[in-house]
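Single-structure report; data block below.
The values are calculated or read from the model by the stated rules, or taken from the named source; none is laboratory data. Model, not experiment: these values are computed from the prediction. Note: ideal-geometry Cβ built from the backbone for every residue, glycine included; neighbour counts use all protein chains shown.
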Amino acid sequence: MSSETSPSQVTSSETARTAGLIIAQIEALFPEYLKNPQDAAISTGHLGVCIIDADGNVFGRVVGPTMLRKRELFRVAWTKASQVWITGIKTFDYEKQVFNGTIDESKHGSISHPDLIGWEGGQPITLKNGTRLSIGVSGLRGINDLEIAVRAIKVVDV
């Protein structure tokens, strides 16, 4: 480490490399999910992925043929990831807790109810080295938005 490089920069570059590996693996797995007619109909060949680390660094990727659909899916993926970043709880699970009154939502800054995403696809992940990431995926059925991220992390083995 040079005298001009801080420990947080090294950690950040390591996290960026790991996020890049996870995103690349999600993209590699994506065609497999398109074989399912339901996922193919939702996706139309598009996918958005957003990863936010504990320091608020954002990493992402969009794939697909049209710019506007990619933009929309990244917006949803970012909303999922950022909600998890704020709450530490999977999307959809958090909303169930809020609306069932089983969580004190004020401890998370009281995200405005219209801003809650309400869909599966955002989840907290802790890597083997203890790094916490908030991952949002959008473009497939919610259950598969979750699954593709978990599978990618297992393949990358981080």
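Quick grid of which residues meet (1) farther than 12 Å from Leu140 by Cα; (2) touching a Lys or Arg at 6+ places or on another chain (Cβ under 9 Å):
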{"site": "Thr18", "(1), (2)": "yes, no"}
{"site": "Leu21", "(1), (2)": "yes, no"}
{"site": "Ala24", "(1), (2)": "yes, yes"}
{"site": "Ala28", "(1), (2)": "yes, no"}
{"site": "Asn36", "(1), (2)": "no, yes"}
{"site": "Ile42", "(1), (2)": "no, yes"}
{"site": "Gly45", "(1), (2)": "no, yes"}
{"site": "Val49", "(1), (2)": "no, yes"}
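Could you check the range 28-68 and list, in sequence order, the residues that are basic (Lys, Arg) and in contact with a strand residue (DSSP E or B) (Cβ under 9 Å, 6 or more places away or on another chain)?
First, the residues of the range 28-68 that are basic (Lys, Arg): 35, 61.
The answer is Arg61, and nothing else.
Can you report the number of residues in the range 21-67 which are acidic (Asp, Glu) and either surrounded by fewer than 15 Cβ atoms within 10 Å (Cβ to Cβ) or over 22 Å from Lys128 (Cα atoms) (or both)?
Narrowing the range 21-67 to residues acidic (Asp, Glu): 27, 32, 39, 53, 55.
Filter once more, so that each one left must be either surrounded by fewer than 15 Cβ atoms within 10 Å (Cβ to Cβ) or over 22 Å from Lys128 (Cα atoms) (or both): 32, 39, 55.
Summing the residues that are acidic (Asp, Glu) and either surrounded by fewer than 15 Cβ atoms within 10 Å (Cβ to Cβ) or over 22 Å from Lys128 (Cα atoms) (or both) in the range 21-67 gives 3.
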| query | Does the range 142-153 contain any residue that is of a type outside the set (Ser, Thr, Tyr), surrounded by 18 or more Cβ atoms within 10 Å (Cβ to Cβ), touching a residue at least 60 places away in the same chain (Cβ under 8 Å) and over 27 Å from Arg17 (Cα atoms)? | reply | no
| Within the range 76-100, which residues are under 18 Å from Asn144 (Cα atoms) and either in a loop (DSSP other than H, G, I, E, B) or in contact (Cβ under 8 Å) with a residue 24 or more places away in the chain (or both)? | Val76, Ala77, Trp78, Thr79, Lys80, Ala81, Val84, Ile89, Lys90, Thr91, Phe92
| query | Can you find a residue in the range 22-38 that is touching a helix residue (DSSP H, G or I) at 6+ places or on another chain (Cβ under 7 Å), β-branched (Val, Ile, Thr) and not in a helix (DSSP H, G or I)? | reply | no
| Search result, residues across the range 101-141 that are more than 12 Å from Thr79 (Cβ to Cβ), touching a Ser or Thr at 6+ places or on another chain (Cβ under 8 Å) and in a loop (DSSP other than H, G, I, E, B) | Glu120, Leu127, Thr131, Gly139, Leu140
| query | Residues in the range 10-20: is at least one among the charged types (D, E, K, R), buried (at least 16 other Cβ atoms within 10 Å of the Cβ), at negative phi and outside any loop (DSSP other than H, G, I, E, B)? | reply | no
| Which numbered condition trips up Glu72, out of (1) assigned to a helix (DSSP H, G or I); (2) more than 19 Å from Gly122 (Cα to Cα); (3) of a type in the set (D, E, K, R)? | (2)
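Would you please name the residue that is modelled with the lowest pLDDT, looking only at residues in the range 96-114 that are surrounded by 10 or more Cβ atoms within 10 Å (Cβ to Cβ) and either touching a helix residue (DSSP H, G or I) at 6+ places or on another chain (Cβ under 9 Å) or within 13 Å of Gly136 (Cα to Cα) (or both)? Steps first, please.
Going through the range 96-114, the residues surrounded by 10 or more Cβ atoms within 10 Å (Cβ to Cβ) turn out to be 96-99, 103-105, 108, 110-111, 113.
Filter once more, so that each one left must be either touching a helix residue (DSSP H, G or I) at 6+ places or on another chain (Cβ under 9 Å) or within 13 Å of Gly136 (Cα to Cα) (or both): 97-99, 103, 105, 108, 111, 113.
Numbers: Gln97: 93, Val98: 92, Phe99: 91, Ile103: 91, Glu105: 83, His108: 76, Ile111: 85, His113: 83.
That would be His108.
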| So, in the range 71-87, of the ones that are among the basic types (Lys, Arg) and surrounded by fewer than 19 Cβ atoms within 10 Å (Cβ to Cβ), which residue ends up farthest from the chain's Cα centre (by Cα)? | Arg71
| field | Test for Gly118: is it under 26 Å from Glu27 (Cβ atoms), small (Gly, Ala, Ser) and modelled with pLDDT under 95 | value | yes
